[in-house]
Amino acid sequence: MKQLFFTIGMIIPLLVFAHGKEDHSGKKAEKAENQKGQQMHQKIDQTGQMKKLQIETINKNYQINVKGIFKQKCIDCHGVPEKYPWYYKVPGIKQIMDHDIQEAQEHLDMSNDFPFGGHGTPLSDLKELRKTVKKSSMPPLQYWIFHPGSRLNDKNKEIILQWIDQSINRLSQ
């Protein structure tokens, strides 16, 4: 009888506290998945850091090579103008200009260096900018008729396109 109580006394704790036929492969897989997830987050963080460094380099090149051109040719609509023309105060014209500036900035806002504000990603902004420069589609006709010096010359285009192509290559890596 003592032996029976002893055996039952040993079996009950084993049944209560033992794992029985519990499958641990799922836990091992879960642990491996968690480690994989952590590694992926590290890669994403590293990729984010790399992208941040690429953007900083692109912006530095922008400030050195392109910003001056955009300041002369584009900022009146795609940024904050330093000085409005005398006719800006004329009723009706002021509202038209304000609307045009607001619309231009919604597409591409160059007020705060690169990456530009607006509705695109840095890469999509660069691609659209490349098309615009190649087509000479900016500024719009109604603007450059009254501002003949606002169009990009061939040297401006070359500098801008070189910066854009280098920047797209950096962001595409």
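The values are calculated or read from the model by the stated rules, or taken from the named source; none is laboratory data. On a predicted model such as this, the values are computed, not experimentally measured, just so you know. For neighbour counting, all protein chains shown are included, and Cβ atoms are generated from backbone atoms with ideal geometry for every residue, glycine included.
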I'd like the full set of residues that are in contact (Cβ under 8 Å) with a residue 12 or more places away in the chain and of a type in the set (Asp, Glu), limited to the stretch 73-107.
Asp76, Asp100, Glu106
Being within 30 Å of Leu53 (Cβ to Cβ) and among the charged types (D, E, K, R) is the filter here; which residues of the stretch 107-149 pass it?
Asp109, Asp113, Asp125, Lys127, Glu128, Arg130, Lys131, Lys134
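For the stretch 50-72, give me the residue count where each residue is β-branched (Val, Ile, Thr) and either closer than 15 Å to Asn169 by Cα or free of Cβ contacts under 8 Å to residues at least 12 places away in the same chain (or both). Don't jump to the end; show me each part of the working.
We begin by selecting, within the stretch 50-72, every residue β-branched (Val, Ile, Thr); these are 55, 57-58, 64, 66, 69.
Checking which are either closer than 15 Å to Asn169 by Cα or free of Cβ contacts under 8 Å to residues at least 12 places away in the same chain (or both) leaves us with 55, 57-58, 64.
The number of residues fulfilling the criteria is 4.
Out of everything in the stretch 38-88 that is of a type in the set (Val, Ile, Thr) and either within 19 Å of Asp98 (Cα to Cα) or not in a helix (DSSP H, G or I) (or both), what residue ends up being modelled with the highest pLDDT? Before the answer, list the steps.
From the stretch 38-88, those of a type in the set (Val, Ile, Thr) are 44, 47, 55, 57-58, 64, 66, 69, 75, 80; that's our starting set.
Those still in the list that are either within 19 Å of Asp98 (Cα to Cα) or not in a helix (DSSP H, G or I) (or both) too: 75, 80.
Numbers: Ile75: 92, Val80: 89.
Filtering first and then ranking leaves Ile75.
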If only one of Gln142, Gln173 is touching a residue at least 60 places away in the same chain (Cβ under 8 Å) and exposed (fewer than 13 other Cβ atoms within 10 Å of the Cβ), which one is it?
Gln173
